[in-house]
Amino acid sequence: MKDKDRSYSNIKKKYLNFLRKQVVVGEPFHDKIGQLKKFYIPISNSIHSKFFRNKKTTIIGLSGGQGSGKTTITKILKIILETKFNLKVLSFSIDDFYKTRSQRKKMSKNVHKLFLTRGVPGTHDTALLKKCFHYLLRKKFKIFEIPTFDKSTDDRHPKKSWLKVKKRPDIVIFEGWCVGASKQSYSKLKNPINLLEKNYDKKLTWRKKVNNELNNNYNKIFKKIDKLIFLQVPNFSYVYKWRLLQETKLLSKSKGNKTMTKSQIKKFVMYYERITKQMISDLKIKSDILIKLDKKHRLSSIKLS
């Protein structure tokens with residue numbers, strides 16, 4: 001067997017083994033091989049080409065609406081990049097950098113009550129995230145740790161549970177729903193987009209703070225991304241549907257911890273609505289790799305640039 005054939009055989013085996021452990025949404029299982037050939041391998045080839053040109057740690061941003069499949073896609077790309085190209089791949093989520101509940105509670109009192117709910121820019125520990133990128137990109141590598149967040153308890157894990165990065169990675173996959181988002185103009189900001197904004201942010205305090213955070217702290221972080229992949233949902237209504245599915249999975253792993261009801265999820269996604277809709281408009285043009293998802297949660301088309 002040729003090396004190229006052996007490499008694909010190994011990728012296919014690891015890919016299918018990974019999928020068998022997942023709750024597969026959407027298409028029949030046999031269609032997943034088509035997804036591997038049409039989407040995941042071309043994306044991995046593109047990432048490798050970027051790394052080969054850079055000759056240094058390459059940051060890949062992966063963004064998309066709630067429940068769009070970012071975590072699963074990240075794991076699949078990691079399998080291919082490690083198997084086919086023998087690259088050292090580190091992946092983590094912006095979600096793991098949420099401020100602790102006590103920090104958000106303090107912010108909700110001092111800035112605006114809506115900041116108690118994690119999600120929007122302003123609820124992440126950007127100082128810690130900047131420090132993480134500093135360690136990743138510094139010339140002389142030094143062991144460091146990445147925080148982890150428990151969504152079922154809505155709080156950060158103790159430091160003993162953080163991810164220890166012991167070696168310099170070749171590829172970093174940095175995923176998160178708002179990765180790559182940009183600020184909005186005031187003219188767009190002033191009109192409420194849903195009942196949450198209309199009823200609880202009448203003075204625009206929350207929206208302005210979120211927008212300023214995007215323009216400053218988050219923009220500085222997103223500029224470190226070498227290649228941005230965007231998962232485009234059919235429309236915003238699917239964010240609710242797929243976030244509901246996500247919560248169902250979380251419930252099965254929560255070990256008795258509290259999860260959200262349907263009405264709570266409906267309100268929860270309102271926090272994300274403004275930025276998600278803006279990202280759908282912006283990143284279908286600005287992203288380096290655009291992947292469109294269909295209504296059955298399948299990868300339906302890809303645009304590589």
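Odds and ends about this structure:
- Average Cα contact separation per residue, the stretch 4-137, under 8 Å, 6 or more apart, as relative contact order %: 21
- LYS50/LYS21 FRET efficiency (R0 30 Å; Cβ-Cβ; nearest 0.05): 0.55
- Over the stretch 161-305, relative contact order from alpha-carbon pairs under 8 Å, at least 6 apart, %: 29
- Percentage relative contact order, the chain, counting C-alpha pairs under 8 Å, at least six apart: 25
- Net length gained if the chain between ASP294 and ASN191 were fully extended (0.36 nm per residue, minus Cα distance): 34.1 nm
- Remark: spin-label model distance ILE33-ASN86 equals 2.8 nm, labels positioned 7 Å along the Cα→Cβ axis.
- Spin-label zone in the stretch 218-240 - amide nitrogen under 13 Å from a point set 7 Å from the Cα of ASP282 along the C-beta vector: 218-223
- Ordering THR123, LEU90, LEU77 by Cα displacement along the dipole of the stretch 77-133 toward the positive end leaves THR123 in first place; charges were set at the Cβ atoms of Lys, Arg (+1) and Asp, Glu (-1).
- Spin-label model distance (nm) - THR117 vs ASN216, 7 Å beyond Cα toward Cβ: 2.4
- Antiparallel DSSP beta bridges within the chain, percent to nearest 5: 35
- Spin-label pair SER108/LYS140, simplified geometry with 7 Å Cα→Cβ offset, distance in nm: 4.4
- Among PHE236, PHE133, PHE97, residue whose mean-square fluctuation peaks in a GNM of the chain (springs only between Cα atoms under 10 Å): PHE133
- Three-way shape label, the stretch 162-305, alpha-carbon gyration tensor, a/c 1.5: rounded
- DSSP H segments from the chain that extend 15 Å or more along their own axis, Cα-based, with Kyte-Doolittle mean of 0.0 or above: 70-85, 126-137
- Rounded to 0.05, the FRET efficiency of the LYS303 and LYS131 pair, given R0 = 41 Å and the Cβ-Cβ distance, is 0.75.
Computed from the coordinates by the stated procedures, all read-outs in this text should not be read as laboratory data. Everything numeric here is computed off the predicted structure, so don't read it as measured data. Note: ideal-geometry Cβ built from the backbone for every residue, glycine included; neighbour counts use all protein chains shown.
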